[in-house]
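The values are calculated or read from the model by the stated rules, or taken from the named source; none is laboratory data. Bear in mind that the values here come from a model prediction, so they are computed numbers and not experimental data. Heads up, the Cβs are rebuilt from the backbone with ideal geometry, glycines too, and the neighbour counts pull from every protein chain shown. Areas reflect the complete protein model, heavy atoms only, side chains present, ligands, DNA and RNA absent. Shrake-Rupley method; radii C 1.70, N 1.55, O 1.52, S 1.80 Å.
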Amino acid sequence: MRMTVEPSYSPSPTTKEEIEWLPLPKHPLFTTTTTTSHDATSNVSRNLLAWDGANRLYFWDSYSNCLHRLSLRLGDPDPTSVLAASPSKVLQTDVVLDFDVHKISINRNGTAILLFGSERLCVMYLYGRTSKKDVNLICRTIAVGSQTDSLGNKDIRVLEASWHPYSDTHLGILSSDSVFRLFNLAVDPLQPEQEYYLQPTGHGRSRNASSMCPVGFSFGGDHLWDRFSVFVAFSDGSIYVICPVVPFGSLFKCESLLDIYNDAHTFGLMSANSVAASNSKLAISWLEATFPELQNQENEGDNLSLLRSNAYVVFDASLVMQGPLQRVGQSGNGDSVGRSAECEGRAVSFLYNSVSKDSILVTAWSGGQLQIDALADEIQPVWSIGSPPRLRLDSHDEILGLAMICESTASSPPGKLDHNNAWLGNPSPLLRLAIVDLALPRRADRGYNISLFIDTLMPERIYSLHDGGIDSIVLHCLPFTSQANGKDDTMRTPSVHPVLNTCQSGSASEPSLCGFVSLSDSFGYSWSVAVTLSRECVVLEMKTWNLLPQLSIDMETKHIQSVGQSNERDIQPIISKELLSGPKEVLVPWASQSLRSVAADSIEGRSTLHQYFKLFHETYVEYAHKVHLELKHHAPQLKKIINDQRSRLGDAQQKLLKVEDKEHILQKRIDCAIQMHNSLEERLQHLRNLPGAHKKPLSKAERQFKSELDHFKEVELDALHSSVEAVSARLRRHMQASKVSQQKKISGKKVCAGDDQISILKSSLEKLSLVNTENSKKVKIVESTLSNKERNSGESSLPMLKNC
């Protein structure tokens with residue numbers, strides 16, 4: 001397939017250059033015999049590939065010290081294919097680079113690319129002028145941090161550099177002297193805008209070399225205070241957080257800012273705890289000063305979608321280096337900090353990944369293990385009062401830069417997770433998700449240098465690039481996301497799949513890859529692209545729809561629940577968002593102050609206008625070309641969808657015709673069923689009118705008892721009668737025999753029994769006689785006493801009669 005759409009940028013009249021679309025592995029750039037230089041003894045990871053998120057792939061040629069730009073067609077003509085335009089566009093720096101480029105990284109809007117070396121950093125802008133010798137583009141290249149003493153020292157290395165996710169011009173750099181710097185390339189690429197001197201002196205930690213050496217950092221994602229956070233990992237596996245860190249002049253969503261603003265009022269300012277109220281009050285004042293329009297949004301309800309940050313810092317306080325983050329055990333207490341028992345060696349890289357409601361932290365170890373944790377609570381800002389930062393101001397007292405010392409303070413171990421512990425200044429605990437062993441061959445001399453990447457289409461998937469190849473790790477169960485989706489609480493371990501294997505017969509191999517990138521399109525297809533040191537390109541299609549659980553709707557609860565694995569991909573938008581947003585904003589090249597006084601009809605003015613014209617022409621022609629490719633790419637897809645819908649419509653019409661043919665048969669069967677139902681109803685009515693129909697039937701228990709009685713009557717009753725008769729006969733015989741024996745015994749013992757009875761009677765008579773004697777004596781005493789009382793009463797009554 002040949003097209004003539006890309007113009008040649010030469011000073012002569014514009015001519016059209018033939019473009020040939022080839023599969024990416026067969027591109028002439030990757031079929032040459034040139035070998036990328038690499039020192040086998042160095043343990044530095046390389047990644048010389050970058051993708052702008054649309055249709056441009058960049059590859060740094062370390063042999064020629066130039067950048068190749070390849071235009072891609074994703075999923076054309078086959079949905080699984082990746083085509084690249086040949087020849088590629090060559091971009092050269094306008095200065096000579098005196099260092100080896102190890103990594104390249106493109107900014108958010110695709111206008112600049114970072115050239116990363118262990119000692120130097122440069123930024124190359126992806127627009128420029130055409131070379132006089134050839135058709136290559138000469139691009140403006142600037143050095144970053146060359147006036148900083150630490151970055152200019154050869155003893156101090158640059159560990160990691162990354163573009164800020166909320167700014168197109170801010171670049172974060174972490175150096176080996178434990179200093180994190182944030183540069184604003186639009187203002188001053190030589191001096192940092194913000195400097196944070198990290199002091200990891202946590203409570204109870206051993207102050208050895210491993211606990212003081214950082215290995216990497218990562219900016220937070222789009223989740224509450226995470227967007228203002230910087231996560232720093234050290235070689236002993238400990239993780240620290242500094243918050244808030246915001247680039248001056250960056251844009252943030254107003255809705256997200258209102259969420260954290262209201263959260264600080266609800267759970268912090270109104271808290272009964274004085275510490276929580278003080279911390280939240282300081283955070284609210286920082287938000288209101290950094291985003292002045294935030295109060296108007298809250299009070300007046302303005303409809304601003306984005307808010308720009310102002311240059312502001314708390315003048316009498318510095319940020320606290322929160323950490324080290326402790327893991328939470330199953331009992332809710334702090335488990336440990338840093339290295340786990342399963343991990344070997346030292347930490348070599350670090351990655352932050354935001355998946356829905358979860359914040360995932362991945363630490364790679366030199367022994368070939370990945371430590372995957374999740375934040376169990378929200379990140380919140382913490383300041384240290386009384387430690388003022390150092391500011392750099394302009395003539396109008398506006399803040400140009402700041403520097404502060406971030407010290408780690410002693411924190412209590414993580415306790416129960418609830419809103420009562422919010423805003424107390426404690427670092428967020430970690431929840432252990434998994435320890436993934438990549439099963440790499442053991443090395444006696446040194447460990448592995450593992451790089452981590454996030455899949456552009458499926459954030460649950462993480463790629464690990466190492467000397468043994470590329471592995472894919474898919475997280476199936478996430479704590480807060482699974483809870484919000486109504487999944488089961490049982491943790492499912494991550495699945496590990498080898499994507500590319502470079503180990504020979506299980507032995508340790510030297511580094512063989514120099515580039516990796518993940519591609520995706522709007523239809524849900526995903527590819528992994530890797531480049532070897534011998535300039536061989538490997539393109540692998542990655543399956544996405546059968547790795548994550550399927551979402552189905554429960555008709556009773558009306559909630560989306562996970563029931564299994566899906567076999568179909570989700571419906572993707574037909575037209576990409578990039579086309580709908582229009583062409584990218586054209587950045588006018590940098591020009592000197594003297595150019596403004598040049599007349600337009602002069603030679604220099606015409607040359608400048610001609611250069612601007614070419615730049616605008618290039619931008620809009622490329623956008624038109626992109627529109628053409630997009631529409632042409634979607635035409636067969638739409639045709640396929642339409643044909644599929646037509647075939648389904650034809651099948652539905654045939655099924656309707658079959659139903660119509662069978663309708664009269666079904667009607668007859670229904671009529672017969674109705675007649676049979678009426679007949680049964682009549683018979684049932686007759687049965688109800690019978691005399692015995694009104695008797696109450698026996699219950700199940702009664703029927704069982706009746707059957708037992710019948711069985712007893714027929715079988716057991718006869719046996720009982722016979723047994724009773726036999727026992728009666730034996731009883732009569734026994735009674736007759738007992739009477740005879742009793743008569744014999746009575747006749748033999750009659751005399752002895754009479755003597756005994758006589759002696760008993762005699763003794764009884766003697767006792768009765770004694771009792772009788774005593775009773776007669778008592779009677780005589782009573783009679784004499786009564787007679788005396790009668791005599792005395794008679795003598796006393798005679799004088800009384802005489803007186804009368």
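Output yes when any residue across region 117-128 is touching a residue at least 40 places away in the same chain (Cβ under 8 Å), in a strand (DSSP E or B), surrounded by fewer than 17 Cβ atoms within 10 Å (Cβ to Cβ) and over 34 Å from the mean Cα position of the chain (by Cα), and no when none is. No, region 117-128 has no match at all.
Selection of first residues in region 658-680 that are hydrophobic (A, V, I, L, M, F, W, C) and of second residues that are open to solvent by less than 90 Å² (accessible area, probe 1.4 Å), restricted to Cβ pairs under 6 Å at least 6 apart or on distinct chains, gives an empty result.
For every residue, the table says whether it meets (1) in a loop (DSSP other than H, G, I, E, B); (2) touching a helix residue (DSSP H, G or I) at 6+ places or on another chain (Cβ under 8 Å); (3) touching a residue at least 60 places away in the same chain (Cβ under 8 Å); (4) open to solvent by 20 Å² or more (accessible area, probe 1.4 Å).
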| position | (1), (2), (3), (4) |
| --- | --- |
| Ala50 | no, no, yes, no |
| Val95 | yes, no, no, yes |
| Asp100 | yes, no, yes, yes |
| Ile104 | no, no, no, no |
| Gly110 | yes, no, yes, no |
| Lys133 | yes, no, no, yes |
| Arg140 | no, no, yes, yes |
| Ser162 | no, no, no, yes |
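Taken over region 349-381, the criterion of being β-branched (Val, Ile, Thr) and open to solvent by 20 Å² or more (accessible area, probe 1.4 Å) is satisfied by no residue.
Screening region 519-537 for residues that are open to solvent by less than 10 Å² (accessible area, probe 1.4 Å) and in a strand (DSSP E or B) and picking the one that is nearest to Val101 (Cα to Cα) gives Val531. Restricting region 255-272 to residues that are surrounded by fewer than 14 Cβ atoms within 10 Å (Cβ to Cβ) and among the polar types (S, T, N, Q), which is modelled with the lowest pLDDT? In this case the residue turns out to be Thr266. Listed by first and then second residue, the pairs with beta-carbon distance under 8 Å, at least 6 apart or on different chains, first residue in region 349-369 and closer than 15 Å to Leu478 by Cβ, second acidic (Asp, Glu) and part of a loop (DSSP other than H, G, I, E, B), are Ser354/Asp222; Val355/Glu460.
Here Ser411, Ser387 are screened, and the one residue that is surrounded by 15 or more Cβ atoms within 10 Å (Cβ to Cβ), at pLDDT below 85 and in a loop (DSSP other than H, G, I, E, B) is Ser411.
Residues of region 63-93 that are surrounded by 18 or more Cβ atoms within 10 Å (Cβ to Cβ), among the hydroxyl-bearing types (Ser, Thr, Tyr) and over 35 Å from the mean Cα position of the chain (by Cα): Ser88, Thr93. Scanning region 613-642 for residues that are farther than 18 Å from Pro79 by Cα and open to solvent by 50 Å² or more (accessible area, probe 1.4 Å) yields Phe613, Phe616, His617, Tyr620, Tyr623, Ala624.
Before we move on, is Leu151 modelled with pLDDT under 90, surrounded by 21 or more Cβ atoms within 10 Å (Cβ to Cβ) and on the phi < 0 side of the Ramachandran plot? Criteria met by Leu151.
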